[in-house]
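Step one of this worksheet: look at the structure below.
The values are calculated or read from the model by the stated rules, or taken from the named source; none is laboratory data. From a predicted model like this one, the values you see are computed outputs, not experimental measurements. Here the Cβ is made from the backbone with ideal geometry for all residues, glycine too, and neighbour counts use every protein chain on show. Just so you know, the surface numbers come from the protein's heavy atoms only, side chains and all, with ligands and any DNA or RNA stripped out. Shrake-Rupley method; radii C 1.70, N 1.55, O 1.52, S 1.80 Å.
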Amino acid sequence: MRHNTAHDENAPHHIPSTGLLVRTFLALGVLMLLTIAAAEVDFGHEVFKNNSALGTYVNNGVAMLIAVIKATLVVSFFMGVKYASKLSRLWAFAGFVWLTLMLITFGDYWTRSWEPLQGWAAASPQARPDVNRDRNFAPLTSESRETYGPKKPEAASEGSE
Amino acid sequence: MSLAIADKHEHHDDLVCHQFMDLEQQRECYIVGMWSFLAQEIMFFGALFLMYMVYRWKFQDDFYIYHKELDVRMGGTNTMILLASSFSMALAVRYAQLKERGAQLRALLFTVLCAFGFLVIKGFEWAHKFETHHYPGPSFAWKGAGSPEHAQLFFSLYFGLTGLHALHVVVGILLIGVLMYLTKKKRHSVEDYIPTEMIGLYWHFVDIVWIFLFPLFYLIPQ
């Protein structure tokens with residue numbers, strides 16, 4: 001049934017049109033320029049008025065969102081996953097699902113400082129509190145620092161930056 | 001017995017290897033096999049990306065200082081070159097499906113030229129890093145702001161990730177080169193479009209890795 005008599009018997013089921021490939025390429029080029037332009041915008045100072053930590057999140061978020069859109073375009077149209085068989089799509093999906101699961105590991109590094117426990121604070125203080133902004137949502141209070149914080153006196157000022 | 005089976009499948013013509021029922025099944029097997037290889041590649045690069053994320057998270061402000069050493073114009077040009085090569089690779093697959101061999105070979109040639117162009121620009125970037133001793137090792141030197149130890153870490157990640165990516169580009173050039181040779185000289189082995197499609201999948205994957213490497217290294221926000 002699939003082997004249409006008008007076609008070569010060995011012809012593939014779906015051949016992408018040149019127009020589709022050209023449009024995909026143009027969209028990728030526009031997104032490439034957009035990601036450079038977005039990186040020029042300092043969200044921390046220009047948009048959110050000196051909330052530089054939030055600005056860093058937004059800058060990174062925009063850059064990664066554009067990269068994911070670009071990757072999706074490449075996978076869907078250049079790699080033809082949109083028109084592939086269900087089994088092929090499942091396999092194409094599997095690698096990215098695994099990647100997502102693995103990146104959850106990063107949540108550990110992200111949230112470790114939210115809940116200061118003895119040992120953690122000593123094991124994972126920002127290596128250079130003078131240059132690295134505090135991006136802990138719940139910095140140690142003076143009370144909890146006494147209980148849980150690092151014992152070394154020179155590290156006592158960390159988290160207050 | 002085996003001859004009888006061979007006769008039975010005669011109408012599928014000799015594009016189909018004997019272990020497959022028909023061309024459709026054979027093609028799907030190849031595509032699934034290629035994607036399982038790419039899943040392994042995603043895992044391989046994914047772990048390296050995670051490593052990068054952890055250090056970037058810890059030393060964001062330092063990394064912002066170091067990333068100014070990278071030339072965003074060169075990185076951007078290389079991104080465009082790889083996107084163009086992916087586009088011509090997708091065209092090559094289309095021409096292979098239509099059995100337009102001349103157009104297919106021209107598209108593949110353009111892809112290879114783009115790949116060489118990418119490596120040449122990458123080579124200039126690396127050469128500059130070697131001149132300024134910004135490559136990790138005993139002679140590493142850092143005179144700018146930020147910690148020199150973290151600078152070495154940043155450039156280790158830079159050379160590690162872009163180096164592995166460049167290695168994939170070199171492998172891609174070899175694969176496309178062999179494919180072009182076979183298409184020209186021994187057409188039967190690449191009569192079906194699937195070999196082109198598989199190498200295309202590989203090449204697009206290399207492009208996707210760069211799509212993420214470019215913002216992560218060249219566009220670090222303050």
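What to note about this one:
- For the chain pair A and B, the interface hides roughly 5300 square angstrom of accessible area in total, found with a 1.4 Å probe.
- The HN-Hα couplings worked out from phi for region A:62-70 by the Karplus form 6.51 cos²θ - 1.76 cosθ + 1.60 (θ = phi - 60°) are 5, 4, 6, 4, 5, 4, 5, 4, 4 Hz, whole numbers, x standing for Gly and Pro.
- Computed with a 1.4 Å probe over protein heavy atoms only, the accessible area of A:H13 comes to about 110 Å².
- Size of electric dipole in region B:47-89: Cβ of Lys, Arg +1 and of Asp, Glu -1, about Cα centre, debye, nearest 20: 80 debye
- Accessible heavy-atom area order of B:T77, A:T100, B:T183, highest first, probe of 1.4 Å: A:T100, B:T77, B:T183
- Exposed trypsin sites (Lys or Arg not before Pro) absent: longest stretch of chain B, with sites in DSSP loops and at most 16 other Cβ within 10 Å deemed exposed: B:1-67
- Point-charge dipole on Cβ atoms (K/R +1, D/E -1) for region B:165-222, about Cα centre, debye to 20: 280 debye
- The residues of region B:71-100 occluded by other protein chains by 50 Å² or more of accessible area, set against the chain on its own, are B:M80, B:L83, B:F87, B:R94, B:Q97; surface from heavy atoms, 1.4 Å probe.
- Estimated vicinal HN-Hα couplings, Hz - region A:15-27 in sequence order (Karplus 6.51, -1.76, 1.60; Gly, Pro = x): 10, x, 6, 4, x, 4, 5, 5, 4, 4, 4, 4, 4
- In region A:3-67, the GluC sites (Glu not before Pro) that fall in loop regions by DSSP, at most 14 other Cβ within 10 Å: A:E9
- Nearest-ten-degree value, helix B:23-58 long axis tilted from longest Cα axis of chain B: 10 degrees
- Once the 1.4 Å probe is applied to the protein heavy atoms, region B:70-210 comes out at 40 Å² accessible per residue.
- Applying the criteria of a DSSP loop state and at most 15 other Cβ atoms within 10 Å to the chymotrypsin sites (Phe, Trp or Tyr not before Pro) of region A:16-88 yields A:F48.
- Residues B:D61, A:D108, B:D207, ordered by accessible area of protein heavy atoms at a 1.4 angstrom probe radius and largest first, appear as A:D108, B:D61, B:D207.
- Only protein atoms count toward the accessible area here, which uses a 1.4 Å probe; on region B:73-190, the carbon and sulfur part of that area reaches 70 percent.
- Label-to-label distance, nm, for residues given as A:L54 and A:A11 (7 Å Cα→Cβ offset): 5.7 nm
- A simple spin-label model places the labels of A:L90 and A:T111 3.2 nm from each other, with each point 7 Å out along Cα-to-Cβ.
- Per-residue SASA entry for B:I208, accessible area with 1.4 Å probe, Å² rounded to 10: 10 Å²
- Across B:Y55, B:Y181, B:Y193, the residue with the most accessible area heads the list, and the full order at a 1.4 Å probe is B:Y181, B:Y55, B:Y193.
- Cα gyration tensor category, rounded, prolate or oblate, for region A:12-119 with a/c compared to 1.5: oblate
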